[in-house]
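Contents: one structure, followed by commentary.
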Amino acid sequence: MQDRNKSYSLGSLADLLGLTFEGNPETLVSGLATLSSASEDQLSFYHNTLYFSDLQKTRAAAVILSPDAAADCPVPVLLSDNPYVAYAKASRLFEPDRLVETNREISTGIHSSASIDASATIGKEVSIAANVVIEAKVCIEEGCIIGANSVIGRGSSVGKDSLIYPSVTLYPDVQLGERGIIHSGVVIGSDGFGFAKDGQLQVKIAQLGGVLIGDDVEIGAGSTIDRGALEDTVIGHGVKIDNLVQIAHNVRIGENTVICGCSAVAGSSTIGKNCIIAGAVGIINHITIVDEVTVTAMSLVNKSISEKGTYSSGTGLSDTTKWKKNIVHFRQLDTLNDRVKLMERHFKNLGNPKEFDKKGDAKSE
Amino acid sequence: MQDRNKSYSLGSLADLLGLTFEGNPETLVSGLATLSSASEDQLSFYHNTLYFSDLQKTRAAAVILSPDAAADCPVPVLLSDNPYVAYAKASRLFEPDRLVETNREISTGIHSSASIDASATIGKEVSIAANVVIEAKVCIEEGCIIGANSVIGRGSSVGKDSLIYPSVTLYPDVQLGERGIIHSGVVIGSDGFGFAKDGQLQVKIAQLGGVLIGDDVEIGAGSTIDRGALEDTVIGHGVKIDNLVQIAHNVRIGENTVICGCSAVAGSSTIGKNCIIAGAVGIINHITIVDEVTVTAMSLVNKSISEKGTYSSGTGLSDTTKWKKNIVHFRQLDTLNDRVKLMERHFKNLGNPKEFDKKGDAKSE
Amino acid sequence: MQDRNKSYSLGSLADLLGLTFEGNPETLVSGLATLSSASEDQLSFYHNTLYFSDLQKTRAAAVILSPDAAADCPVPVLLSDNPYVAYAKASRLFEPDRLVETNREISTGIHSSASIDASATIGKEVSIAANVVIEAKVCIEEGCIIGANSVIGRGSSVGKDSLIYPSVTLYPDVQLGERGIIHSGVVIGSDGFGFAKDGQLQVKIAQLGGVLIGDDVEIGAGSTIDRGALEDTVIGHGVKIDNLVQIAHNVRIGENTVICGCSAVAGSSTIGKNCIIAGAVGIINHITIVDEVTVTAMSLVNKSISEKGTYSSGTGLSDTTKWKKNIVHFRQLDTLNDRVKLMERHFKNLGNPKEFDKKGDAKSE
């Protein structure tokens, strides 16, 4: 929900967002909504021509848009060269101060039920909610919020102004940077999945590394990040990880890379900077992906990617009846290729053109 | 485990289930089991002809079955036109009162270690277990059970007779309907994954919507449901969600739809009513699926589905040696198609039949 | 992090690992690292010829390796026929006593904030951390560690020397064997996903079974294991399950099988012994996989596997532009096959060889 008690004049909104505006500076704005649903006291934004007719009909108090669209807007405007970024910044102005306010109501500062080891260091203006457990030698820097029922393991540190939602678990020796946002259910620093096979028995390899997470990292609900086997698992500055993502031991993720929900990165793989890994992608172990790679939804990355670009796997969706026929043929593609090759050879023998010369072997792509 | 202290006479069982029966009404039934494993004091059921020989040999106290199968059953019967539904109802009669009983033993009503904000509203006959945190302005309606170490965020509400298992986290502004069942590890209301790109930096978009969940919804262990960006994420009445499912922001799921384990629904997509989404399915963002659609296991839904029916993707399983050959050919399918087209053209030139006329272009399916 | 206070002489290390060595028995070893990063007081290991040049240049205090590689090592050696297993064993010697030490610092034995039902049985030398909830009739055997904020449901038991990390939830009637390791966020014993359809309504089937887990089982962070519908879900001795894995009701997993991250096993399926299920694999319901099967990453197992071996599905990764063309052809494979068949038939009519006789029907693989 939006905090409807937060309202701004159009003029002060323009100031806060660093934008110019057209319209009455006293117009009151008390919320944010889409073009079609905004009421007369709500701000909206226009960044995609799909919504052009919504723009023409909007009743919003004001609209954030690019200067060239201003003429088509029936209401006051805030001008931005990147209206979507301006919308992102505006959204922060209408956000309730959720956890802070909550904790203040239950208990200021550190809740009486929190268990905090005497050797832990707690910075100024830190809020620690009910039933939080802070183990020995932990350092929580100033301005952090630790949500209810979270556990911060021995020797871990949380950088300043980080927000840890309720029910988060940090194992020992996890270093989280500044302004981190860790959602509920996240587990960081659990053992990497490492065993050495002794006959049929799996002998556990102790995971002696930690996890090192940069600044401005957000990690979505229920995601898991394993500690390294010998060295640290490393998540770069500005990385954004969605819900239910698994990051295995020794993985390294470059700055500002985005990983969407339910993706899995297997052990010792490295992902470059500014990559976009869509949802439900699987990345196998011991591979390297360079900077600026996009992988589309549900693809399996089964080899290293050495050139930036966009990559995919899968078959796309079909009607199941057709699909059942097609997968039979998929499993016989090698045979089908041989059949075509055989005809091509005979075709050539029949005196047909050189066109067939180079295409006889499907393996030479 | 079943509660073996719960036993019923055949006659009272028939009454409770609204069924007719054949056999001694005093026969004592004290548990539920499969046809082959049921002992002489246990109830069983028959709904699938695969188990016909088990039916003929069963030693059960009684069997729920359809009238036309009664003649083949060697033991007393309970007659139902839908024996599987009757079994479902019977199963509830042998269930231990798990959480209620547990809480009663530890502490009646509200456990002394629970942190409940003074502004929260707690209905009658509510059970709140150890270390539960209930934030400001929360409303828990009558008959609810809140399991140990769960957190209910500011302003959220839980409809009457809902069961929240231990270690569940509801963020602020989550509205759960009546008779909801939320399993451990579930997180509802975490931020949607929304960023606006400013150069390489990802600017966070505050997620100002909430989550609205209908009545009779069950959500499996470890699943995550994000709050909406501007409006609510909406889960319809009677929806059943299995374990480790991810529902992104602004998703809308129609009534009675079933989503199996490890599936992911990306942002702003809409799923109709009475759909069945099998396990590990990926549904991309901003698409629409109509009512009564089935998607088979591990399919990628990469476009909207506008007609009811069953849909699939993937290749089916192969021996890995064959598979490695076939995926090479998959990645050359466009070339293979061109090779076939070329032969078809020459074939036609050789004076061959019109059959080749319409099949030359694989793109015109 | 490694516990750098733990150091051993080369001679005592050889004793502890049961290995012979070459070098000064007094050499002090105080940590474990890769060949290339090991400093002069750290142990390393060599088991893969990929790292041969690292071996030749290593500065490690000593290297675990096989006797035939000893001549190429510039530093003292520990000789093992299986150096990787010896490394696994050595890694345990440098592990900090994380949870034990932590609990000792906060509170010896049972933390004052733990809620333990009077009917629970707690063995000797058990450590129970803050906010743990132990319900009625639970049995925790000697030597167990139960991490902060974990919940152990009514009637469950935890075998001796098991380690349950913080924020774990065991429902009632879960039996965990000895030396189990359960990572944070794990949920065991949640309801199986079982409904009987009554018109459009889904009638819940009470899940009356439990979960039975053998000895020496490790379960990774955030994984979920459902209780059985009528009988138990069964996880065999020595099974290792990675993070975010879903095990549905009535599944049976054989001894020493390994299941990697984000895989899902649907209801009532059986996996044999000594199998390796790679990451993000989906296994549908009601199938059987025999012993010693390997399934590669992100495969869909959509049928039973009756012979040991390695199995795969999927298409492998492509450049997205090519991929888009290829998936069109995938969805027309049945048509392509018909086109090839048609040509083959005409080819034969043209007086071409018998080779075409048997290949006309792609369905006869």
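The values are calculated or read from the model by the stated rules, or taken from the named source; none is laboratory data. On a predicted model such as this, the values are computed, not experimentally measured, just so you know. Here the Cβ is made from the backbone with ideal geometry for all residues, glycine too, and neighbour counts use every protein chain on show.
Return the only residue of B:LEU170, B:LEU99 being modelled with pLDDT under 95 and hydrophobic (A, V, I, L, M, F, W, C).
On inspection, the qualifying residue turns out to be B:LEU99.
Within the stretch C:1-39, take every residue that is among the β-branched types (Val, Ile, Thr) and within 14 Å of chain A (Cβ to nearest Cβ) and give me the one that is farthest from A:VAL174 (Cα to Cα).
For the stretch C:1-39, the residue satisfying everything is C:VAL29.
Take the stretch A:221-250 and flag every residue that is in a loop (DSSP other than H, G, I, E, B) and polar (S, T, N, Q).
Within the stretch A:221-250, A:SER223, A:ASN243, A:ASN250 qualify.
For the stretch B:274-296, indicate whether the set of residues that are part of a helix (DSSP H, G or I), farther than 23 Å from B:GLY192 by Cβ and facing chain A (nearest Cβ under 9 Å) is non-empty.
no
Just need a number here: residues in the stretch C:68-90 that are within 14 Å of another protein chain (Cβ to nearest Cβ), in contact (Cβ under 8 Å) with a residue 40 or more places away in the chain and outside any loop (DSSP other than H, G, I, E, B).
Result for the stretch C:68-90: 4.
Could you tell me whether any residue of the stretch C:188-209 is at the interface with chain B (Cβ under 7 Å from one of its Cβ atoms), closer than 19 Å to A:VAL187 by Cβ, of a type in the set (Ser, Thr, Tyr) and in contact with a Leu (Cβ under 8 Å, 6 or more places away or on another chain)?
The answer is no, given that none of the residues of the stretch C:188-209 is at the interface with chain B (Cβ under 7 Å from one of its Cβ atoms), closer than 19 Å to A:VAL187 by Cβ, of a type in the set (Ser, Thr, Tyr) and in contact with a Leu (Cβ under 8 Å, 6 or more places away or on another chain).
Report the residue count in the stretch C:281-309 for those that are more than 21 Å from C:GLY236 (Cα to Cα) and crowded, with 18+ Cβ neighbours inside 10 Å.
Selection size over the stretch C:281-309: 6.
Is it the case that some residue within the stretch C:192-200 is buried (at least 24 other Cβ atoms within 10 Å of the Cβ) and either assigned to a strand (DSSP E or B) or in contact with a helix residue (DSSP H, G or I) (Cβ under 7 Å, 6 or more places away or on another chain) (or both)?
Checking the stretch C:192-200: not a single residue is buried (at least 24 other Cβ atoms within 10 Å of the Cβ) and either assigned to a strand (DSSP E or B) or in contact with a helix residue (DSSP H, G or I) (Cβ under 7 Å, 6 or more places away or on another chain) (or both).
Out of C:VAL63, C:VAL77, C:VAL85, I need the residue that is among the hydrophobic types (A, V, I, L, M, F, W, C), under 18 Å from A:ALA229 (Cβ atoms) and touching an Asp or Glu at 6+ places or on another chain (Cβ under 6 Å). Which one?
C:VAL85
Looking at (1) crowded, with 24+ Cβ neighbours inside 10 Å; (2) hydrophobic (A, V, I, L, M, F, W, C); (3) within 19 Å of C:VAL187 (Cα to Cα), which one does C:VAL258 not meet, given that it meets all the others?
With (1) crowded, with 24+ Cβ neighbours inside 10 Å; (2) hydrophobic (A, V, I, L, M, F, W, C); (3) within 19 Å of C:VAL187 (Cα to Cα) applied to C:VAL258, the lone miss is (1).
Criterion first (closer than 14 Å to B:PHE330 by Cα, touching a helix residue (DSSP H, G or I) at 6+ places or on another chain (Cβ under 7 Å) and either buried (at least 17 other Cβ atoms within 10 Å of the Cβ) or modelled with pLDDT of 90 or more (or both)) does A:LEU342 satisfy it?
No.
Pull out all pairs, ordered by first then second residue, where Cβ-Cβ is under 6 Å, the residues are six or more apart or on different chains, the first lies in the stretch C:196-207 and is farther than 20 Å from C:GLU231 by Cα, and the second is assigned to a strand (DSSP E or B) and among the hydrophobic types (A, V, I, L, M, F, W, C).
Matching pairs, first to second residue: C:GLN202/C:PHE195.
Looking at the stretch B:50-58, can you tell me whether even one residue there is under 20 Å from C:ALA229 (Cα atoms), loosely packed, with under 12 Cβ neighbours inside 10 Å and within 29 Å of the chain's Cα centre (by Cα)?
Yes, some residue in the stretch B:50-58 is under 20 Å from C:ALA229 (Cα atoms), loosely packed, with under 12 Cβ neighbours inside 10 Å and within 29 Å of the chain's Cα centre (by Cα).
Restricting attention to the stretch C:299-330, and to residues there that are polar (S, T, N, Q) and more than 8 Å from chain B (Cβ to nearest Cβ), which single residue is nearest to B:LEU300 (Cα to Cα)?
C:THR320
Given the criteria buried (at least 23 other Cβ atoms within 10 Å of the Cβ), free of Cβ contacts under 8 Å to residues at least 24 places away in the same chain and either more than 8 Å from chain B (Cβ to nearest Cβ) or not polar (S, T, N, Q) (or both), does C:ILE140 qualify?
For C:ILE140, the condition - buried (at least 23 other Cβ atoms within 10 Å of the Cβ), free of Cβ contacts under 8 Å to residues at least 24 places away in the same chain and either more than 8 Å from chain B (Cβ to nearest Cβ) or not polar (S, T, N, Q) (or both) - is met.
Out of curiosity, is A:SER184 at pLDDT 95 or above and either in contact with a Pro (Cβ under 6 Å, 6 or more places away or on another chain) or not assigned by TED's automatic domain parsing to the domain that holds A:ALA297 (or both)?
yes
Quick one: would you say B:ALA90 is in contact with a Gly (Cβ under 8 Å, 6 or more places away or on another chain) and under 28 Å from C:GLY199 (Cα atoms)?
In short, no.
Restricting attention to the stretch B:20-29, does a residue exist that is more than 29 Å from the chain's Cα centre (by Cα) and under 14 Å from B:SER91 (Cα atoms)?
yes
Looking at B:GLY155, is it within 12 Å of chain A (Cβ to nearest Cβ), surrounded by fewer than 24 Cβ atoms within 10 Å (Cβ to Cβ) and within 20 Å of B:GLY228 (Cα to Cα)?
It is true that B:GLY155 is within 12 Å of chain A (Cβ to nearest Cβ), surrounded by fewer than 24 Cβ atoms within 10 Å (Cβ to Cβ) and within 20 Å of B:GLY228 (Cα to Cα).
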